[in-house]
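What follows is a set of notes on a single structure, which appears directly below.
The values are calculated or read from the model by the stated rules, or taken from the named source; none is laboratory data. Computed from a prediction, not measured in an experiment: that's the story for all the values here. No Cβ is skipped: glycine too gets one built from the backbone with ideal geometry, and neighbour counts run over all protein chains shown.
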Amino acid sequence: MSVPAEARQVRIALVDDDSGLVTILQRRFEALRWEYEVMAYPPGPDQLAAMRLHAIVLNPELSGLDYIERVSGAVPSLAILAICRPTQVADRVRALRTGADDWITKPCHPEELVARIQAVMRRRRIGDVTLEDTPTTAGELTIRPDQFDAYAGEEAAGLSRKEYELLRQLASAEGRVLEREVIYQRVWGYAMVRGDRSVDVFVRKLRNKLERISPEWRYVHTHFGVGYRFAAERGEAAGGGENEPEGPVDQPADPDVRLDLTAAR
């Protein structure tokens, strides 16, 4: 059984060069009896895994946006919260789509940041209740919560954290269709904005990875105008167009916006 973040020993890393914010957060973490480590540089994924952290709060100006995606894929159990000066919407959207659990814009009140960390912990605890640690098997596929991945035999799909969370939510629905808005709320933790195609983009990525390791089966099915359903069906029985996400999923939210945080400064 999962334990709420507020009732367990939280281990967190803080990666930021804002000395004022760091000092205030250190005091707040100590008051909460959280274990923490302040770092002036973004640690590598192997180092983060060895630290057995629950969360990392980082300034993407120090790490670059690519770092968020790398860490999310390498340490899927780690909550990632980005905290940064005001920046372009495209940067925030990219970070949230590729692995960040939340984005906080500076200046922010330390109580808000702590509350957001706790909210992420609660969302993860709620998500863990559904499948817990028991593998789920469907067709040739085995979904393994202990590895945050799906397998066909010994071959792993290599899912990112968001892809795994998407698969877990779909599989836990036990054949029911989940609406896009419901999926977005459960996986991203926010209400979906009109026109946002994140769910469709990640469904396509997930579907491609599952079909690569299990090509004769189809697992994620489109219900046009509604959402998606998980069920293991033989390829010929799944139908041709059913498995295509709706709409132009490759279009960014704003094609004229250029990302400016893709590399560490």
*asked:* So, in region 9-27, exactly how many residues are touching a residue at least 40 places away in the same chain (Cβ under 8 Å) and either of a type in the set (F, W, Y) or not in a loop (DSSP other than H, G, I, E, B) (or both)?
replied: 8
*Set E233, E216: member being closer than 17 Å to A150 by Cβ, modelled with pLDDT under 95, of a type outside the set (G, A, S) and touching a His at 6+ places or on another chain (Cβ under 9 Å)*: E233
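Can you pull out the residues in region 192-237 that are among the aliphatic types (A, V, I, L, M) and in a strand (DSSP E or B)?
Step one: of region 192-237, the residues among the aliphatic types (A, V, I, L, M) are 192-193, 199, 201, 203, 206, 210, 213, 220, 226, 231-232, 237.
The answer is V220, A231, A232.
Condition (residue is in contact with a strand residue (DSSP E or B) (Cβ under 7 Å, 6 or more places away or on another chain) and either modelled with pLDDT of 60 or more or hydrophobic (A, V, I, L, M, F, W, C) (or both)) applied to region 243-258: is it met by at least one residue?
To start, the set of residues in region 243-258 that are in contact with a strand residue (DSSP E or B) (Cβ under 7 Å, 6 or more places away or on another chain) comprises 243-246.
Add one more test, that the residue is either modelled with pLDDT of 60 or more or hydrophobic (A, V, I, L, M, F, W, C) (or both), and what stays is none.
Among the residues of region 243-258, not one is in contact with a strand residue (DSSP E or B) (Cβ under 7 Å, 6 or more places away or on another chain) and either modelled with pLDDT of 60 or more or hydrophobic (A, V, I, L, M, F, W, C) (or both), which makes the answer no.
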*Would region 7-14 turn up any residue that is modelled with pLDDT of 90 or more and of a type in the set (G, A, S)?*
yes
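Determine whether region 190-197 contains at least one residue that is in contact with a Leu (Cβ under 9 Å, 6 or more places away or on another chain) and crowded, with 17+ Cβ neighbours inside 10 Å.
no
Does region 148-162 include one or more residues that are in a strand (DSSP E or B), touching a Gly at 6+ places or on another chain (Cβ under 8 Å) and assigned by TED's automatic domain parsing to the domain that holds G235? Steps first, please.
Going residue by residue through region 148-162, those that are in a strand (DSSP E or B) are 149-152, 155-156.
Narrowing further to those that are touching a Gly at 6+ places or on another chain (Cβ under 8 Å): 149.
Now drop any that are not assigned by TED's automatic domain parsing to the domain that holds G235, which leaves 149.
Within region 148-162, one or more residues are in a strand (DSSP E or B), touching a Gly at 6+ places or on another chain (Cβ under 8 Å) and assigned by TED's automatic domain parsing to the domain that holds G235.
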